[in-house]
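Trainee: Below is one structure. I have some questions about it.
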There are 2 protein chains.
Amino acid sequence: MQEKEIKVMKKILATNDKMAMELREILKKKGILFINLMSSPGSGKTSLLESTAKNYNGKLAVIEGDIETTLDAQRIANAGMISYQINTGPFGGDCHLESGWIKSALEEIDLNDIDILFVENIGNLVCPAEFDVGAHFNVVLLSTTEGEDKPLKYPLAFQNSSVCIITKTDLMSYLDLNLKQLKDNIKKVNPKMKILELSSKDGKGMENWFKFLTENKLS
Amino acid sequence: MQEKEIKVMKKILATNDKMAMELREILKKKGILFINLMSSPGSGKTSLLESTAKNYNGKLAVIEGDIETTLDAQRIANAGMISYQINTGPFGGDCHLESGWIKSALEEIDLNDIDILFVENIGNLVCPAEFDVGAHFNVVLLSTTEGEDKPLKYPLAFQNSSVCIITKTDLMSYLDLNLKQLKDNIKKVNPKMKILELSSKDGKGMENWFKFLTENKLS
């Protein structure tokens, strides 16, 4: 039973990865930086995008992945970013986005003058990491409330990302979090990881995120 | 591509559900209450089990589901509960547990005199809800830090559970959480849901969880 599932999965992954590579090239040629945000539900992906829409100087677009609802796309559109929603509910409630869906979404979005395209992946620390969506950077978010052990328990999301954003730092003084241990655990699964710490709520550390975006812009 | 995946998935689900029904009956006959805990990573499943192990009067066992590591099983074993670990890493990093794996795990655990068997499912608000593990109660945890919208965005986990535990209530005064809105959203996707509020850290509300366990014990 298990064997069969994995067999099918591999075939899907190969098709997905090929299209992801193509997407990465297409967007590079267009001068659009493509960033894929991954995390658990409630780690602060939408809040980060809202704050980025309001405070970062550039033309930004987002493809929102959700199983149900358009709540997040609405929040980000309200903050001023071009928003496009993919709901996976009709596809069996899939817990990740695939490159083919991103490609279809891009046919619906006016990409003229866009500086940065974000994907807000489905809130899940497991499946999205298995599917390359064609981004130039995978960014994994982890909130201070989630505990030090998560990089060890969900290594793939951290291994397949080049930036880790520790969010909700405004809550740190109310938590027992050992920040050094958390960072050590991140480095243990991915020694090359760039780690940013910030709070979308009080704005602390947002400047480092904006600096990262500016340094990596393609146009 | 998509169609193929769903076809395989349905077959797996049918096999899984049949074994889950059998498990539910077997454990009922043995007088063992079987509870499946589901939530995002970091919502407090392990902390709830630790606190239950220390403060609830009864013989308890847990089957721990993780992709990697035995960190949680160790924490709970240290707190005094019989612990058994399933790591899904070797099965392709599956993001959920299946009833067949629970059945195999039960062959390794001494079930004599056990009052309550817990499953701590893999930290994920999507996939575990799709797989019946044979529990008498599915319990979904949601921490106060995760936001009011999660029941609407991940409805299946809430529809397939009969109890929702709102955790980390000790942090409430530092958050902008609208608790009434959160509860309304829970009731919107599952009007029959029993909602408990508690903090494993300061112990507030734990008595309601223990009352629920005692009321539903089978022996």
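What follows draws every value from the coordinates through simple rules; no lab data is involved. Worth saying up front: this structure is predicted, and the values here are computed from it rather than measured. Backbone-built Cβ (ideal geometry, glycine too); neighbour counts: all protein chains shown.
Trainee: Condition first: in a helix (DSSP H, G or I) and of a type in the set (D, E, K, R). Now tell me which residues in segment A:138-157 satisfy that.
Mentor: Once the filter is applied, which keeps residues that are in a helix (DSSP H, G or I) and of a type in the set (D, E, K, R), segment A:138-157 yields A:E146, A:K150, A:K153.
Trainee: Can you name the number of the only condition in (1) within 19 Å of the chain's Cα centre (by Cα); (2) in a loop (DSSP other than H, G, I, E, B); (3) crowded, with 18+ Cβ neighbours inside 10 Å; (4) of a type outside the set (D, E) that A:K192 fails?
Mentor: Only one criterion in (1) within 19 Å of the chain's Cα centre (by Cα); (2) in a loop (DSSP other than H, G, I, E, B); (3) crowded, with 18+ Cβ neighbours inside 10 Å; (4) of a type outside the set (D, E) is unmet by A:K192, namely (3).
Trainee: Let me confirm something: among B:G134, B:G123, B:G100, B:G93, which residue is touching a helix residue (DSSP H, G or I) at 6+ places or on another chain (Cβ under 8 Å) and away from chain A (no Cβ under 12 Å)? Write out each step before concluding.
Mentor: On the way: B:G123 fails: away from chain A (no Cβ under 12 Å); B:G100 fails: away from chain A (no Cβ under 12 Å); B:G93 fails: away from chain A (no Cβ under 12 Å).
Answer to the check: B:G134.
Trainee: Taking segment A:133-152 only, how many residues are more than 18 Å from A:K192 (Cβ to Cβ) and surrounded by fewer than 22 Cβ atoms within 10 Å (Cβ to Cβ)?
Mentor: Final tally of qualifying residues: 2.
Trainee: Ok, one more. I'd like to verify a number: residues in segment B:160-219 that are of a type in the set (D, E, K, R) and in contact (Cβ under 8 Å) with a residue 12 or more places away in the chain, how many?
Mentor: Matching residues across segment B:160-219 total 11.
Trainee: Which residue is nearest to the chain's Cα centre (by Cα), if the candidates are limited to segment A:158-171 and must be part of a helix (DSSP H, G or I) and more than 10 Å from chain B (Cβ to nearest Cβ)?
Mentor: For segment A:158-171, the residue satisfying everything is A:F158.
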